[in-house]
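What follows is a single structure, written as C-alpha cells, with notes after it.
The values are calculated or read from the model by the stated rules, or taken from the named source; none is laboratory data. As the structure is a prediction and not an experimental result, all values here were calculated from the model. As a convention, Cβ positions derive from the backbone with ideal geometry for all residues, glycine included, and neighbour counts pool all protein chains shown.
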Amino acid sequence: MQKALILGAAVLAVATSASARDLRIVGSSTVFPFASAVIEQFANKTGMAATIESTGSGGGMKLFCAGVGEGTPDITNASRRVKDKEIKLCADNGVTNVTEVKIGFDGISIMSSVDAEALDLTKEDLFNALNATLVVNGEKVANPNKTWSDVNPALPNVAIKVMGPPPSSGTRDAFEEIVMEKLAEHAGVALELREDGAYIEAGENDNLIVEKLAQDKSLLGIAGFSFLDQNSDQVQGAKIAGVEPTFDNIAAGDYPISRSLWFYVKNDHRGVIKGIDEYVFEFTNENTWGPDGYLIDLGLINLPDSERQAPVLGSANGKFAM
C-alpha cells in the first residue's frame, strides 16, 4: 500500500503543478536540430508550444531521471543509447515508465576547413593523436605526439588541435566507444582524452565548432554528420579508413564511425503535459522521418522500413521499453 501511495503522490504532483506548462525537451546537441524542426511543425499543426534545450545526452538524462513532476523534462534526446547507470538513476527517482524511440542514424564527422588539406585517417591515427597515455617502447608515457606527422608520416606536419564535445555529450560518448575504447584496452592504457591543448572542449555547441574550423584551417573538429552536411560550404569531412562521411555510406553501415539516435518519453507525464503524444506522432510520421521526410533534408539518416515504426507509448509496463 505504501508503494502505491508514493506513486499516487508523484502522479498528483504532475497533475497539480505541471499541467499548465508547455512540453519540455532536453538532451543531445546532435538531435537538437531535428527535434527543433519537429517542434516547429508540431506547433504549426496543433497550436501547442514546446521548449527545447541542448544539454548534451548525459546532461539530458540527468535532468530526465531526476524525478516525475514539475521541473523535470518530458522527453530527452540522446545521440547514444541510455546507459545502465542512467536507467538505475531513473528507477531510484521513480522514473520507471519510459518509452525508448530510435529515430535514425548519424555519422561522427572529423571535420576541417574546406581550405585545409583533405585527410584520410584511421581509428588508430585518432587514438594515437588524442589519448592522454600511449605505450612507447614498452612504457606507458604521456602522449608525446605533437603533430599529425608524428602520428603517421603520411599525414601533414601540422600541430594536433582537435575541437570536440565535453563529457556530457553523447557524441563524445560515441566517439570514445567507437574509436578509442578497444584500442585503449588493447594497449593496456586508460581511455582518457588529452588535456594538454591537443583536444579542446567546445561545450554543447556544435555550431561553434563549425565557426572555429572556418577560421583556422589547422584545426579539426568532431561533430555529427548533420553539421557537416548543413555547412559543406565551410567544412569538409575526413575519410576514415578510406570511406567518406556521406549519407549513403552511413546508411549502408560502411562509414566506420556511425551511431544510432534516440529520444525517451516519460509516460507518467502523458495526459497531463499537453502535446506529448502529438509531438511523438509528428516525429514518427513518414513525412518527417521517412526516406522523403523533412528531417532527411537536415541530415538525418533514416531507419530502414523494418525498423521505422511508430512507438506504442505507455507500453513499458513499469520498465524502460527496450
Check: Do we find that Glu181 is part of a helix (DSSP H, G or I), within 17 Å of the chain's Cα centre (by Cα) and closer than 30 Å to Thr76 by Cβ in this structure?
Finding: no
If you go through Phe263, Phe281, Phe227, the only one that is more than 30 Å from Glu176 (Cβ to Cβ) and either touching a helix residue (DSSP H, G or I) at 6+ places or on another chain (Cβ under 9 Å) or not aromatic (Phe, Trp, Tyr) (or both) is Phe281
Of (1) touching a Gly at 6+ places or on another chain (Cβ under 7 Å); (2) modelled with pLDDT of 95 or more; (3) of a type outside the set (Asp, Glu), Ser113 fails just (1)
Of the listed residues (Leu228, Leu208), the one being assigned to a helix (DSSP H, G or I), modelled with pLDDT under 95 and crowded, with 21+ Cβ neighbours inside 10 Å is Leu228
Considering only the stretch 144-167, I want to know if a residue exists there that is part of a strand (DSSP E or B), assigned by TED's automatic domain parsing to the domain that holds Glu244 and free of Cβ contacts under 8 Å to residues at least 24 places away in the same chain.
yes
Residue count, the stretch 180-195, condition in contact with a strand residue (DSSP E or B) (Cβ under 8 Å, 6 or more places away or on another chain) and either at negative phi or among the aromatic types (Phe, Trp, Tyr) (or both), comes to 10
Among residues of the stretch 55-86 being of a type in the set (Val, Ile, Thr) and part of a strand (DSSP E or B), the residue nearest to the chain's Cα centre (by Cα) is Thr76
Of (1) touching a Lys or Arg at 6+ places or on another chain (Cβ under 7 Å); (2) assigned by TED's automatic domain parsing to the domain that holds Ala66; (3) assigned to a helix (DSSP H, G or I), Leu89 satisfies every one except (1)
Checked the stretch 258-307 for anything more than 29 Å from Gly67 (Cα to Cα) and of a type in the set (A, V, I, L, M, F, W, C); matches are Trp289, Leu295, Ile296, Leu298, Leu300, Ile301, Leu303
Apart from one, (1) touching a Pro at 6+ places or on another chain (Cβ under 8 Å); (2) closer than 23 Å to Lys83 by Cα; (3) not β-branched (Val, Ile, Thr) all hold for Leu193; the odd one out is (1)
The number of residues in the stretch 244-267 that are free of Cβ contacts under 8 Å to residues at least 24 places away in the same chain and either in contact with a strand residue (DSSP E or B) (Cβ under 7 Å, 6 or more places away or on another chain) or not hydrophobic (A, V, I, L, M, F, W, C) (or both) is 5
Answer with yes or no whether Ala118 is within 23 Å of Ser258 (Cβ to Cβ) and more than 24 Å from the chain's Cα centre (by Cα).
-> yes
Screening Arg270, Arg308 for residues that are closer than 12 Å to Ile75 by Cα and either free of Cβ contacts under 8 Å to residues at least 40 places away in the same chain or assigned by TED's automatic domain parsing to the domain that holds Gly94 (or both) leaves only Arg270
Reported set for the stretch 145-179 where residues are out of contact with any strand residue (DSSP E or B) (no Cβ under 7 Å at 6 or more places or on another chain), closer than 16 Å to Gly59 by Cβ and charged (D, E, K, R) is Asp173
